[in-house]
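Worksheet for the structure shown next.
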Amino acid sequence: AVPRTRILATGGASHNKKILQVLSDVFNAPVFTIDTANSACLGSAYRAIHGLVAERNVSLADVVKLAPEPRLAVTPTPGAEELYRPLLKRYAELEQKVIYNPASSC
């Protein structure tokens, strides 16, 4: 099962509500966007900073405290989880098969 979370969408596709709705439905999570230029680069920079300070047990949440506040774009469609939950489980199983036995998946 996918843990309760939220998705932060950035870049050009984050302006397309239909794409955001699919993400929300598949992962059964609300999707947020931020109104910041080059937000994907900003996210990469935060991850890089986190990598630099991770050995001091600084969490990613602490690193991004000063990030722009995301705004809610879409929420999951009621009932979509029933459709996508088994598909996500199957996807995870196939992904593990490829990771742990790549020769047999070709």
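The values are calculated or read from the model by the stated rules, or taken from the named source; none is laboratory data. Remember, predicted model here, so these are calculated numbers, not experimental data. Ideal geometry is used to build each Cβ from the backbone, glycine not excepted, and the neighbour counts take in all protein chains shown. Remember, those area values only see protein heavy atoms, side chains included, never the ligands or the DNA or RNA. Shrake-Rupley method; radii C 1.70, N 1.55, O 1.52, S 1.80 Å.
Sorting 73-86, 53-66 by average packing, meaning the other beta carbons within 10 Å per residue, from highest down gives 73-86, 53-66.
Sorting LEU52, LEU20 by solvent-accessible area of protein heavy atoms yields LEU52, LEU20, largest first, with a 1.4 Å probe. Determine the share of the range 7-77's accessible area contributed by carbon and sulfur atoms, expressed in whole percent, with a 1.4 angstrom probe. Reported share for carbon and sulfur atoms: 61 percent.
Relative to the Cα centre, the charge distribution of the chain, modelled as +1 at Lys and Arg Cβ and -1 at Asp and Glu Cβ, gives a dipole magnitude of about 60 debye. Residues whose amide H falls under 5 Å from that of LEU8, counting only those 5 or more places apart or on a different chain, are PHE32, with hydrogens built in the peptide plane. Report summary: the helix-based calculation at 222 nm, which adds -39500 (n - 2.57) for every DSSP H run with n ≥ 4 and divides by the residues of the chain, gives -15000 deg cm²/dmol. Per residue, the solvent-accessible area of the range 7-77 (1.4 Å probe, heavy atoms of protein chains only, all protein chains present) comes to 64 Å².
Mind checking which lysines have their C-alpha under 26 Å from LYS18, skipping anything on the same chain fewer than 8 residues away? Hits, sequence-local ones excluded: LYS89.
Report the full-extension gain for the segment LEU52 to ALA80: residue separation times 0.36 nm, less the Cα-Cα distance, to one decimal in nm. Before the final figure, lay out each step's value.
Details: separation 28, 0.36 × 28 = 10.08 nm, distance 3.89 nm.
Gain in length upon complete extension: 6.2 nm.
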